[in-house]
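What follows is one structure encoded as C-alpha cells, with my remarks underneath.
The values are calculated or read from the model by the stated rules, or taken from the named source; none is laboratory data. Given the structure is predicted, the values throughout are model-derived calculations rather than measurements. Positions of Cβ are backbone-derived with ideal geometry, glycine not excepted, and every protein chain shown enters the neighbour counts. Heavy atoms of the whole protein, side chains included, go into the accessibility calculation; ligands, DNA and RNA do not. Shrake-Rupley method; radii C 1.70, N 1.55, O 1.52, S 1.80 Å.
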Amino acid sequence: MSFIAAPHIISPLGNSVHENFERALVGQSALRLHSDHPFAPVDIPFGIITDHERSVGWTKLESLCLQSCQQSLAQLKDTSGKWLLIFCTTKGDIDRLASGLSEEVKPQYLAQKVAKELPIDIDTEVVSNACISGLLGVIMAHDYVSTGVYDHVLVLGGDLFSDFTYQGFESFMALSAQACKPFDANRDGLSLGEAVVSVVVSDQKEIFSQVDCQVLGGASANDANHISGPSRTGEGLYRSIQKTWKQTGLSAEEVDAVSAHGTATRYNDDMESIAFHRAGLAAKPINSMKGYFGHTLGAAGLLELVMSMESMRAGIFLSSLGCEVPGTTEEINVVTENTPMEIHTLLKTTSGFGGCNAAAIIQKIQ
C-alpha cells in the first residue's frame, strides 16, 4: 500500500484539479477547432492548451512540466527523504527533431532539466511505453516506495499535440472529424489532446497536507498482438486486470467503478468491453474521459486517475461525455450521466500501441 496525493493538472480545461473537475461536471469539453494552429487542420477538433506561461529558453512542454511539479511539491508539509521523478510520456519534445537530432530531443533531458529546478535532490527516470505510460508510472512508484527503494516518487505525465502525432493517427485513419464518442455505437475515431499532470506517491502519509486515496497495487501485460491494433479477445488487458487482483487480493466484486481507456476507436472500445466482460466487470459503472480532454497519450492514464481521485472525494462518477447510445461487442455499463455514488475502490485501466496494457486499483482512505 502507498499513499497518493498532491495532484496537479494543466489542461485546456484549467490549471488545477478543481478547475478541471468542475468544468467536466458541467459537461465542458476541451475539444474545439483551432484555425490559428500552425499544423492543426481547421476542420478537426483538438484539445490544445492555449493559456499558459512559458519560461524564457524553455519549450512549452518543459515549462508546463516544471510548473506542475512545483504545484505538487507546494502541497507537501515535508520534502525530506529520498526522491525519484518519473517522467511519463509517449514522445516528449519530439518537435525538436525539426532542428536535427540532439540531446534535447530525449525525454531524459527534459526530466533532468525539470529536476534541477526543483527545491529537492531528486533522481530521474523516464517511462515511455505508449499510452499506458502515465498509469505505469504510478504502478512503478507504488512498487518503489513499497519496497523502500525510494521514500517518495513524483510522477509526472506530459504530452502535447504535435505534427508527428497528428500525422501518425491520420495515417491510421483513426481521427474523428467531430469530438470523440467513447463506447458509443456510432463512434468513428479518437480526438487528440494535451495535458501535463503530476502527483506524489509515498509510503508516508504525514508528508501530505491532504490525502484521500491510497494505491493498493497494479500490473501490466502485453498481448503481443499487433504494432498498433489491440487484441480482439482483450487478452492483454484481461491479464493485467487478473494480475492486479492477485497482487491486491481483491476481486471484481469489491470494485465500485472502472475508469477505462475508452479512446472511441472501433477496435479499442470493443476490445475493452470484451476484457471487462471476461474479468467480471461488465455490470460495474464504467466511464471514459476522452470526451473531456481528448487522448492525451502518455499523460492520459495519470490524468484520468487524478480526475478519478477527485470523483471519489466528491462522490460523483463522471459521465462518458460524447457517449449517447452505448454500443460495443460485449454489453458494459457505460455511465452516460454524472452519477452521485460512493466510490470506495476504483479500477483504472489503460491500453496502448504495441499491445501494452495496465491496470491499477486506488482506494479511498476511510
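Take region 66-124 and flag every residue that is in contact with a Leu (Cβ under 7 Å, 6 or more places away or on another chain), at pLDDT below 95 and aliphatic (A, V, I, L, M).
Val105
Looking at Ala299, Ala264, which is the one that is open to solvent by less than 10 Å² (accessible area, probe 1.4 Å), touching a strand residue (DSSP E or B) at 6+ places or on another chain (Cβ under 8 Å) and part of a loop (DSSP other than H, G, I, E, B)?
Ala264
With the checklist (1) assigned to a loop (DSSP other than H, G, I, E, B); (2) open to solvent by 20 Å² or more (accessible area, probe 1.4 Å); (3) touching a residue at least 60 places away in the same chain (Cβ under 8 Å) in hand, flag the one item Pro7 doesn't pass.
Of (1) assigned to a loop (DSSP other than H, G, I, E, B); (2) open to solvent by 20 Å² or more (accessible area, probe 1.4 Å); (3) touching a residue at least 60 places away in the same chain (Cβ under 8 Å), only one is false for Pro7: (1).
Would you mind stating whether Val145 is of a type in the set (A, V, I, L, M) and touching a Ser or Thr at 6+ places or on another chain (Cβ under 6 Å)?
Yes; evaluated as a whole, the condition is true for this residue.
Give Asp43, Asp78 a once-over and let me know the one that is open to solvent by 60 Å² or more (accessible area, probe 1.4 Å), farther than 16 Å from Val153 by Cβ and in contact (Cβ under 8 Å) with a residue 60 or more places away in the chain.
On inspection, the qualifying residue turns out to be Asp43.
What are the residues in region 318-352 that are more than 19 Å from Leu237 (Cβ to Cβ), part of a strand (DSSP E or B) and in contact with a Leu (Cβ under 9 Å, 6 or more places away or on another chain), if any?
Thr339
Looking at region 302-328, which of the residues that are of a type in the set (Ser, Thr, Tyr) and either closer than 17 Å to Glu19 by Cβ or in contact with a Gly (Cβ under 9 Å, 6 or more places away or on another chain) (or both) is surrounded by the fewest Cβ atoms within 10 Å (Cβ to Cβ)?
Filtering first and then ranking leaves Ser319.
Check whether at least one residue in region 189-212 is surrounded by fewer than 22 Cβ atoms within 10 Å (Cβ to Cβ), under 21 Å from the mean Cα position of the chain (by Cα) and closer than 19 Å to Val306 by Cα, and report yes or no.
Within region 189-212, one or more residues are surrounded by fewer than 22 Cβ atoms within 10 Å (Cβ to Cβ), under 21 Å from the mean Cα position of the chain (by Cα) and closer than 19 Å to Val306 by Cα.
Regarding Ile274, is this residue open to solvent by 10 Å² or more (accessible area, probe 1.4 Å), of a type in the set (A, V, I, L, M), farther than 18 Å from Ile362 by Cβ and free of Cβ contacts under 8 Å to residues at least 60 places away in the same chain?
For Ile274, the condition - open to solvent by 10 Å² or more (accessible area, probe 1.4 Å), of a type in the set (A, V, I, L, M), farther than 18 Å from Ile362 by Cβ and free of Cβ contacts under 8 Å to residues at least 60 places away in the same chain - is met.
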